[in-house]
1. Rg and Dmax of segment 240-374 over Cα atoms: what are they, in angstrom?
2. Could you tell me how far the Cα centroid of segment 58-82 sits from the Cα centroid of segment 248-314, in Å?
3. Net charge within 13 Å of Arg363 by Cβ-Cβ distance, Lys/Arg positive one each and Asp/Glu negative one each, not counting Arg363 itself?
4. Around Val223, what is the net charge, scoring Lys/Arg as +1 and Asp/Glu as -1 over all other residues with Cβ under 11 Å from its Cβ?
5. Glu74 versus Thr357, label points 7 Å from Cα toward the beta carbon: distance in nm?
6. Report the Cα-based extents of segment 318-364 along its three principal axes, largest first, to the nearest Å.
7. Please name which of Ser170, His182, Gln151 has its Cα lying farthest along the dipole of segment 141-192 towards the positive end, using unit charges on Cβ (Lys, Arg +1; Asp, Glu -1) and the Cα centre as origin.
8. For segment 129-202 and segment 333-355, write down the distance between their C-alpha centroids in whole Å.
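Derivation of every value follows stated rules applied to the coordinates shown; laboratory data play no part. A quick note: this is a predicted structure, and the numbers were derived from the prediction, not measured. Cβ placement follows ideal geometry from the backbone for every residue including glycine, while neighbour counts extend to all protein chains displayed.
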Amino acid sequence: MIPDKKTKYCQTCGIPLDIDYNNLGEDVNVEYCDYCLKHGVKGYDFSMDYLIYLWGLFPEEYYKEVGIYYTSLEIREVMSRRLPQIKRWKQKINTAHILYELIIRVQEYINRHLFDDLSLDVLSQTAGISKYHFRRVFKAICGENIGLYIQRLRLEYIAFKLISTNISVSELLCQINYQNKHTLSRAFKNYFKCTIPEFRKQNSNANPEGMYPVQIVPCIEKVASVRIACLKLEWTEHLNHDFSVLWKQVLRLAENCGLHSCSCKYISLTLDCPLISSEEQTRFMVGITVPKSFDIPNGFSVYEIEAGEYAVFQFKGLYHELNRVYRYIYLDWLPTSGYTLREPYTFETYLNTPEKTPLSELRTDIYIPIMQKN
């Protein structure tokens with residue numbers, strides 16, 4: 001006798017599929033949920049370990065689909081038991097997570113060698129896979145062709161140098177080893193929809209009409225190296241939601257491991273200039289400072305912020321107002337400060353959190369890596 005209902009699980013992500021066996025038909029053959037199969041096309045192809053990690057990051061999404069609320073830890077425990085029993089994961093070699101780690105390695109290599117030879121041969125060798133396989137995997141994970149990804153980072157880096165320094169285009173070309181001035185001009189205009197002089201004029205001052213009334217005198221400090229446990233986000237169409245989800249994971253890590261008692265600080269690192277990169281393409285890491293002896297848990301990466309001299313801007317107010325602070329820093333303060341930027345990333349530390357503080361009293365320190373001009 002056929003039961004009225006029977007629990008069946010998505011053959012990729014393991015969430016329950018509620019199938020009505022009174023209504024025999026195509027539903028009986030359904031093996032994938034709407035997340036994993038849309039219009040006959042699989043939405044992603046992660047490893048089993050990474051899927052378990054992802055469901056832990058987004059417990060609210062699990063609740064919306066299934067109607068059962070689990071904490072991140074409970075979801076990971078449930079999925080760790082369930083997924084190995086699914087036919088797909090009994091047969092499939094667990095390689096997607098390895099490929100994801102390889103792409104992260106390549107992205108870090110690109111960040112360190114942005115204007116070096118970044119041919120497909122060089123990058124595929126860095127990843128340790130064939131160039132044809134690398135090209136396909138990179139686009140699947142990053143959502144962008146490798147050539148366009150590199151060109152975008154180069155042009156945004158150049159644009160940032162143009163608005164944050166008074167360097168000439170000829171001097172900049174010598175520093176970055178770009179092809180030539182005419183090639184740069186064409187590529188720049190195609191990407192930013194204006195010429196280099198026009199772009200510089202548009203961004204020559206952060207406060208032309210009193211629209212961004214910010215003036216903060218920074219403290220110049222020598223900062224020791226900082227070790228953080230972090231989560232990285234790159235290429236997202238839902239920045240605010242995903243940013244919030246990552247922060248919940250960092251807060252939970254701090255609570256579970258008692259990091260508050262170690263005087264640890266919450267930190268975010270922006271890998272792009274917020275004045276130039278589009279919101280959905282902004283790359284950033286969020287995390288918490290940890291002692292050298294701290295064992296970084298699975299799912300988190302470890303990142304070391306370099307020691308050096310920083311201009312520290314202390315800001316009190318809403319987080320969405322930070323954008324005008326950055327406009328003041330890069331377009332007003334920096335060009336007349338007597339300092340120039342060093343290469344390590346800008347980062348922010350949060351001295352309190354919205355859960356325990358009125359929004360108008362939130363305090364954020366912005367660290368800008370600097371060195372004196374010659």
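1. Cα radius of gyration and Dmax of segment 240-374 are 15.6, 48 Å respectively.
2. Segment 248-314 and segment 58-82 have Cα centres separated by 26 Å.
3. That sum, taken over residues with Cβ under 13 Å, equals -1.
4. Value of the local net charge: -3.
5. The two pseudo-label positions are separated by 3.2 nm.
6. Projected onto the principal axes, the Cα atoms of segment 318-364 cover 38, 20, 14 Å.
7. Farthest towards the positive pole: His182.
8. Rounded to whole Å, the Cα centres lie 23 Å apart.
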